[in-house]
Structures are given as C-alpha cells and as structure tokens.
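Everything on this sheet refers to the single structure shown next.
Just so it is clear, none of the values below were taken in a lab; they were calculated from the coordinates. Owing to the predicted nature of the structure, the values given are computational and were not obtained by experimental measurement. Please note: Cβ atoms are built from the backbone with ideal geometry, for glycine as well, and neighbour counts cover all protein chains shown.
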Amino acid sequence: MKNMQKLTMALATIGLMAGIAGADIGITNLAQSYTQDFNTLPTQDTGTFTWTDNSTLDGWYRRANVSNADQTPDPDLVDYAVKGSSVSTSGFYNVSSAGNSDRAVGFRVNGQPAGLKKGSLGVIFDNNTGTTLTGFDLSYHGEKWYQSVNETTLLFQWRVVDSFADINNDIDRAQTGWNDAGALSWTVAGGAVNTWVNGTEAANSTNFSGSVTNNMSLAPGQKLVIRWRIAETGVGRAGLMIDDVQINNWVSASPVTPESLYADWLNGYQPALGANTNLTDNPDNDALNNLYEYAVGGNPTNAADAGYASSYAATQDSGTNYIEYVYYKRDDAEARGLGYYLELTDNLTIPAWTNAGYEVTGEAAGAPGFNTVTNRVPVAKAAEFIRLKIELN
C-alpha cells in the first residue's frame, strides 16, 4: 500500500544536446519524494555500456565538454560500466566494486591539452503544484573512485528557468544564473599519488544533506534545474561519483493550512481525479471516500489501494477480556486538521453510535508518515460494533 506518491528521480544534464525535447519530472504535491539509487544500471565489471539520455534512466541526462574556453561538447564521450580498478581514463562512469549491483555514477576528468574537461549531471523538475515553491531538502552519497594528486570539487548548483528551450540555449555556455548550495558541494583534497580507490570504503565516501532555500522562487509552470558539476583547469581531477539521491520536503510560499494540505494531496492524483475533489466523493467506488483515503494513505483513483487498514484482535488483561483495535493516523494529523476516534454501538438495526466505552492505550510510529493508535474495548455486552470516524476540522 502506498501512503504518498513516490517518484523515481532523474538527473538532467547540464549541457543538453541541441534538439532534445524537454523531459522533466512533475512536482504535483509537497509530500512528493524522489529517490534514485542507480542500481538498474548494468553490473558488468569491464568495458563500456550504451547510455541514452532519458532512456537508460528515465529523465536522466549526462553531458561532457572537451574545451575549457567554449565548453565544446564532446562528440566521443565514452560511457564505462566498470569495477573501481578501471576508473582511470576520462569519461562517464557507472561504477561499483566487482560484481556488485550497488552502482554509482559520475565523471573522471583529466588535464590539458587533450581530454575531458567538464562533466555534469542534472535533473529538471516541473512545478505542477499550483503554488510557488521556495525550497526543498536533498541528500546524496558521494563516492571517490579515483584519487588525484590535485584537489577536486564536485559542485552542486540549481537554477529556475521558464522553458526547456532556455536550458537548451545556454546550459553549455552561460555560467550565470546558477545558485550554489555549499553544504551539498564536495571538495576532496589531493592524494599522494594518482590511483583508483574503493569508493564504498568509509575513507572515500561521504553523506551529504541540506535544505535548498536561498532565494528560491519556483512559480507554477516553471522548471527547477539541479546539477552536479566537475571541472578541471589544466590538471587531472579525481573521479567523484554520486549515489542514493533523495529530494523531498518541498516548501510552499503560501501559508500551509489544513485546506491547502488537502488540496495538495488531491493535486497528486490529477488528472485522473478530475472534478471528484469533495471530501465525500468516491471516484474509485471502493469503501472509502476521499476523506478516508486521505486520512489512511489510500489512492482515491485506485480501488485496489485503500491505504492502511485497521486491525483488531481479542486480548486479555488482569482477567478482563478486550477487543484491541488498531488504526493508522497521519503523524502530522494536527497540522492537517484531521481528527480520528472510535464510535461504538450494540445495535446495527437502529444504531446509536457513541464516542465512549473504549480506552486509547498507545500511539507509536507506524508506516512512513503514519502512526499506529491502539485502543481497547472491554467485552461486556453480547454484541458490540466498532467503527473508525475521521473528521477534517
């Protein structure tokens, strides 16, 4: 079951080749999370592999240049799928230890007069949330697979543009307009010798995380471009790769209210949801209306996904028999204006439901974004019926 829409992220390239159509990732709600671990890439230990932009990995691009002056695109960029000991020549690498499916990707650039000078990875997001976004959180795992005697920096940057054409026109040339997020850039000191190393070892890897909020304003319909960039200025550089990228916690410029959070959730299921946006609407014709799908992590457009179901079981404590009833509750229910409680009745023919006759015995972390709430009802009547009530205040 799925409590929130999950996205498989893409890194778009910094220098997109002329003629490539815009292929970006839609941000539809603030809770949307993107992850990419690169583990679907080939696991071969030697040789090259075929990389196709926005195909090998959906939405991903890579770009390299052979000139420092005008950043001339490299027409003969070689894509390597290797184990670490082969990370020595310049190129774009899909790398791991021998036979390992836990891959990382990045560039090794070398010195003048000939060879690869710059390499960039990046991703393009469309803001489809209907509100201006002012920030997000990002984390990734950095791995050094080739040690250079020269200091090397893997620069993290972002920018906002209006159209894919804007990126296509200047991404290889203009270096203005990019914003740095220093905590997410990686500088590696030069080593004693030039040599391959194992990027999975603790001495050669680092975790990075941070919030990007510095003057960001991403209006609805605009595009957010993120890039990791490595460059050299006359000397060889280390081979720095990235792995386990995650982007989440999108920040809205608008005040966050229960109404806006509900609207944001609905937007994540458009266009399939259509006009069925009322709390009592039930577009997938299952047992739950929109309010209940929202409250327990269901998908209002898929009858097979009703979220996290409640459970119950008979139990005993100090000689008293109970029915233990457990339901899922959003861990930010208060901010969302959601109220959860039980109602009981002993007659379904002419029911008189009451919020009484039970005890809440505990609340604990459950599935991501949810807590579990445990209740117990004394077995004191011949029949007792229980239902979960949810309200949006």
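Once each part is reduced to its C-alpha centroid, what is the distance from region 303-380 to region 193-225 in angstrom? That distance is 42 Å. Mind checking the full-extension length gain between Val149 and Thr257? Use 0.36 nm per residue of separation minus the Cα-Cα distance, one decimal, nm. Roughly 33.6 nm would be gained on extension.
Full extension of the segment from Asn128 to Thr361, taken as 0.36 nm per residue of separation minus the current Cα-Cα distance, would add 79.7 nm. Taking Lys and Arg as +1 and Asp and Glu as -1, the other residues whose beta-carbon sits under 13 Å from that of Thr374 total -2. Residue ranges 311-319, 260-268 sort as 260-268, 311-319 when ordered by packing (mean number of other C-beta atoms within 10 Å per residue, highest first). Other residues whose C-beta falls under 14 angstrom from the C-beta of Gly99 contribute a net charge of 0, scoring Lys and Arg +1 and Asp and Glu -1. Summing +1 for each Lys or Arg and -1 for each Asp or Glu, what net charge is found among the other residues whose Cβ lies under 9 Å from the Cβ of Arg62? Within the 9 Å Cβ shell, the charges total -1. Rounded to 0.05, the FRET efficiency of the Thr46 and Val193 pair, given R0 = 22 Å and the Cβ-Cβ distance, is 0.45.
Between Leu279 and Ala219, the contour length at 0.36 nm per residue exceeds the Cα-Cα span by 18.9 nm.
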